[in-house]
Amino acid sequence: MKGSIVLFGPPGAGKGTQAEIIVELTGKPQVSTGEMLRSAVSKRTELGLEAKEYMESGRLVPDQVIIGLIEDRLNEPDAINGVLFDGFPRTIPQAEALSEIAEVSAVISIEVPDEDIVDRIVGRRMDPETGEIYHVSFRPPPPDVKGRLVQRKDDNEDTVRMRLAAYHKQTKPLGDWYNNLGILETVDGTGSIQEVGESVAKAVKLH
Ligand code: AMP
């Protein structure tokens, strides 16, 4: 596949987890705007200082900031054959800007109902040494890594509700936008990680 792939879906749908299988299948590098922003926040760069309050309150970071970030990232040599976008685009203006600078071959939408999202996110933990994502009940961490796991600052119930509201208002309409272009593939995100992974792999192979 020549172009880029977009992983689409609400917060907590499993985009970060399922990105691994697509990277393995396609060799495309994963470009996660959330990860890029979190790294900027922890390094206290100008970008990080600007993004922090939006992220902590569950709102989207302004489009111009995100588009600038993506333009720079796509100029890196490893992006030449397309990338896997995780968490981008999240608004119609972001998708329009993307269409000017890169070709999108497929959009994989991982569908999970709202009522599952809060439990998924509040129980989410990350291993800072490996980047591996666990869940206290759905994907329990091995005992030897338990002590070093961290929880994202925005993974609390109040912020999740804000993030879900932003998703419905600003991001979800993008699904129709890509469906009209004939490149949207929907995947049921409610099964086990492995089941969802198999559906994701099937969807990727269609393009
Ligand atoms: P994520 O890791 O994808 O859940 O992103 C965490 C937070 O970063 C979001 O709640 C937003 O505040 C911000 N963010 C990440 N990607 C974008 C984007 N494409 N547009 C606007 N804000 C974003």
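The values are calculated or read from the model by the stated rules, or taken from the named source; none is laboratory data. Keep in mind it's a predicted model, so treat the numbers as computed, not measured. Here Cβ is always computed from backbone atoms with ideal geometry, including for glycine, and neighbour counts include all displayed protein chains. In case anyone asks, the SASA skips ligands and DNA or RNA and just uses the protein heavy atoms, side chains included. Shrake-Rupley method; radii C 1.70, N 1.55, O 1.52, S 1.80 Å.
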So which residues in the stretch 75-107 are touching a residue at least 12 places away in the same chain (Cβ under 8 Å) and farther than 26 Å from ARG163 by Cα?
ASP78, ALA79, ASN81, GLY82, ILE101, ALA102, GLU103, SER105
Being more than 22 Å from PRO62 (Cα to Cα) and surrounded by 19 or more Cβ atoms within 10 Å (Cβ to Cβ) is the filter here; which residues of the stretch 27-42 pass it?
LYS28
Mind counting the residues in the stretch 182-193 that are surrounded by fewer than 16 Cβ atoms within 10 Å (Cβ to Cβ) and at pLDDT 95 or above?
3
When you go through ALA106, ALA203, ALA165 one by one, which is the residue that is modelled with pLDDT of 95 or more, among the hydrophobic types (A, V, I, L, M, F, W, C) and not in a helix (DSSP H, G or I)?
ALA106
Exactly one of (1) part of a strand (DSSP E or B); (2) within 28 Å of ASN179 (Cβ to Cβ); (3) within 16 Å of the ligand (Cβ to nearest atom) is unmet by ARG125. Its number?
(2)
Qualifying positions in the stretch 49-61 - within 11 Å of the ligand (Cβ to nearest atom) and out of contact with any Phe, Trp or Tyr (no Cβ under 7 Å at 6 or more places or on another chain):
ALA51, LYS52, GLU53, TYR54, MET55, GLU56, SER57, GLY58, ARG59
So GLY27 ticks every box in (1) of a type in the set (Gly, Ala, Ser); (2) modelled with pLDDT under 95; (3) over 23 Å from ARG125 (Cα atoms) but one. Which box is left unticked?
(2)
Just need a number here: residues in the stretch 82-122 that are of a type in the set (Asp, Glu), surrounded by fewer than 18 Cβ atoms within 10 Å (Cβ to Cβ) and either within 25 Å of ASP155 (Cβ to Cβ) or within 15 Å of the ligand (Cβ to nearest atom) (or both).
6
Quick check: anything in the stretch 135-148 of a type in the set (Phe, Trp, Tyr) and either touching a Ser or Thr at 6+ places or on another chain (Cβ under 6 Å) or exposed (fewer than 15 other Cβ atoms within 10 Å of the Cβ) (or both)?
yes
Can you tell me how many residues within the stretch 83-103 are closer than 15 Å to ARG73 by Cβ and β-branched (Val, Ile, Thr)?
2
Of all residues being free of Cβ contacts under 8 Å to residues at least 40 places away in the same chain and not in a helix (DSSP H, G or I) in the stretch 149-160, which is most open to solvent (accessible area, probe 1.4 Å)? Just the residue, please.
GLN151
Taking first residues from the stretch 47-69 that are farther than 13 Å from MET162 by Cα and acidic (Asp, Glu) and second residues anywhere that are in a helix (DSSP H, G or I) and near the ligand (Cβ under 9 Å from one of its atoms), the pairs with Cβ under 7 Å that are 6 or more apart or on different chains are GLU50/VAL65; ASP63/GLN94
Taking the stretch 194-205 only, how many residues are open to solvent by less than 70 Å² (accessible area, probe 1.4 Å), of a type outside the set (A, V, I, L, M, F, W, C) and touching a residue at least 60 places away in the same chain (Cβ under 8 Å)?
1
